[in-house]
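Notes for the one structure printed next.
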Amino acid sequence: MTSRHQHVSDKTRAFVVERAQKLLRYNDRIAHIQAVLDEEHDRFLVEMIVKVDSGATMVAKEESADGYRSALDALLEKLERQIKRDKEKRVSHGHETVRDPNQADLDEPAEETYEDVVRRRLDEA
């Protein structure tokens, strides 16, 4: 965790770490979480960068005049959506692959033509 332009209290630092760890319930393959807290004039800025083992990187920024807690709550909602969307992309849904309709299917026999039926009947007779 990094802070810019001010010192962050241990209580705030513990709160940020506790809330950031809750992101693990949405994806247990999170490799790294970095939080940046900044205060400019009367605005509190929170930025969080989440890196997942799959290579995806998610970034969210939020600011609030009410303090770090409200900015962090809004930021975590954004990150939850991003993490869920990323994980959903990587989950197999069991759909079959789309086949080329022009490619002959080897499992199904070819349709008999009229001439094939006539020849077979003549051979049987």
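The values are calculated or read from the model by the stated rules, or taken from the named source; none is laboratory data. Note that this is a predicted model, so its numbers are computed, not measured. Counting neighbours? That spans all protein chains shown, and the Cβs are built from the backbone with ideal geometry, glycine included.
Could you please let me know if ARG13 is under 14 Å from ALA74 (Cβ atoms), part of a helix (DSSP H, G or I) and among the basic types (Lys, Arg)?
No, not satisfied.
Check the stretch 16-38 and report whether any residue there is hydrophobic (A, V, I, L, M, F, W, C), surrounded by 11 or more Cβ atoms within 10 Å (Cβ to Cβ), outside any strand (DSSP E or B) and modelled with pLDDT under 85.
no
Only residues that are of a type in the set (Val, Ile, Thr) and in contact with a strand residue (DSSP E or B) (Cβ under 6 Å, 6 or more places away or on another chain): list them for the stretch 1-35, please.
THR2, VAL8, VAL16, ILE30, ILE33
Within the stretch 16-34, take every residue that is over 19 Å from the mean Cα position of the chain (by Cα) and of a type in the set (A, V, I, L, M, F, W, C) and give me the one that is farthest from ALA74 (Cα to Cα).
Across the stretch 16-34, the extreme among qualifying residues is VAL17.
Filter the stretch 31-51 down to residues that are farther than 15 Å from TYR68 by Cβ and among the hydrophobic types (A, V, I, L, M, F, W, C), then give me how many there are.
Residues that pass the stated criteria total 4.
Under 7 Å by Cβ, and 6 or more places apart or on different chains, what pairs join a residue from the stretch 47-71 that is closer than 19 Å to TYR26 by Cβ with one that is assigned to a loop (DSSP other than H, G, I, E, B)?
Once the first residue is closer than 19 Å to TYR26 by Cβ and sits in the stretch 47-71, its partners that are assigned to a loop (DSSP other than H, G, I, E, B) give VAL52/ASN27; VAL52/ARG29; ASP53/ARG29; SER54/ARG29.
Under 6 Å between Cβ atoms, which residue pairs at least 6 apart in sequence (or on different chains) link something in the stretch 4-28 that is farther than 20 Å from GLU80 by Cα with a partner that is part of a helix (DSSP H, G or I)?
Taking only residues 6 or more apart or on different chains, the pairs are THR12/TYR68.
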